[in-house]
Amino acid sequence: MVRIFAALLAASTAASPLMAQDHSQMDHGGHQMPAEEAEPPEVDHSQMDHSRMDHGDEQAKPVDHSQMDHGAMGHDDPVPAASAAIPNALTGPPRAADAIWGAEIMRTSREAVYEEHGDMQIFWFQGDRLEYRARAGEDGYLWDVQGYYGGDIDKFWFKSEGEGSFGEPIEDVEVQALYSRAIGPFFDLQAGIRQDLTGPERTHAVLGVQGLAPYMFEVDAAAFLSTKGDLTARIEAEYDQRITQRLILQPRAEMNLSAQDIPEMGIGSGIDNLELGLRLRYEIVPEFGPYIGVEQEWKLGGSRDYAHAAGEDASVTNYVVGVRFWF
């Protein structure tokens, strides 16, 4: 019986190379198990020839990555070739999104954005200069305020300026009411009326521009035609130079001109007067900043002659303390 079992075992191991084992080297701990109860022999995988095993044509074949063409897989160019035709949102032509999504879809989207976000009515008010002026003789004061109500394109602007000396009647007061229309990304065209409330009271038609010039200069220029036919003009420019996030140095210039002599107002033809100022502002918050500074005023040409005839100084230095705010 034992001989028959051994012969069958030898035949099976010869038919399957996976089961070919050398049982003469196995240590069964000194216990000879009966042939009928012997457990299936353990397989020594280290001796197996896996290259000769047939796992099928599509299973677990070794992959030689060194022979793979990664360029063909698109790893060399992280951006798909088709995206090269997509316009850049920053440097591309206007309405570049039309080339991606289609003009009809983008038209609907732009109309929705304008209706929900671009047509808001805003009120803004700024006290540009509210200051005390220390100077030779009697100290004085000055205010320069402006604001608007409207949207991105159309606005109603209002402005007021005035100055005087303490203990005396106010020297100059004017108010303006203007319609403003955007004529570019940074400039508005303004037209309206100006009313002088002191001296010879006069009403003027106003036409001007206001906005942000290159290099961040804030510019306000206007021409005035009075009901008496007098043509005058004013140009103002200022620039905020940030020293720190809160400390700001602001140079400012203002020039007034006249096309003719206006004796009752002490104005000569040509350049009436010139003002140059320098103010140092500390913004406690962006909406509120006290400042100190100095401003020099000159009356020129015929206006200087009128000032001398009235016993006034044609050149005045003002040391100013004030506050600038907006909301």
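Where a number appears in this text, it was derived from the coordinates with a stated rule and is not lab data. In this text, all values refer to a predicted model and were calculated from it rather than measured experimentally. Cβ placement follows ideal geometry from the backbone for every residue including glycine, while neighbour counts extend to all protein chains displayed.
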Hydrodynamic radius (Kirkwood) for the stretch 209-327, which is based on Cα pairs only, to one decimal in Å: 16.0
By average C-beta atoms within 10 angstrom, highest first, the peptides 167-174, 298-305: 298-305, 167-174
Charge dipole (debye, nearest 20) of the stretch 197-327; +1 at Cβ of Lys and Arg, -1 at Cβ of Asp and Glu: 340
Options P290, A314, I170, ranked by Cα towards positive dipole end of the stretch 168-327, top entry (Cβ charges): P290
Calculated Rg and Dmax of the stretch 104-210 using C-alpha coordinates, Å: 19.2, 70
In the stretch 291-327, GluC sites (Glu not before Pro) in a DSSP loop with at most 16 other beta-carbon atoms within 10 Å: E312
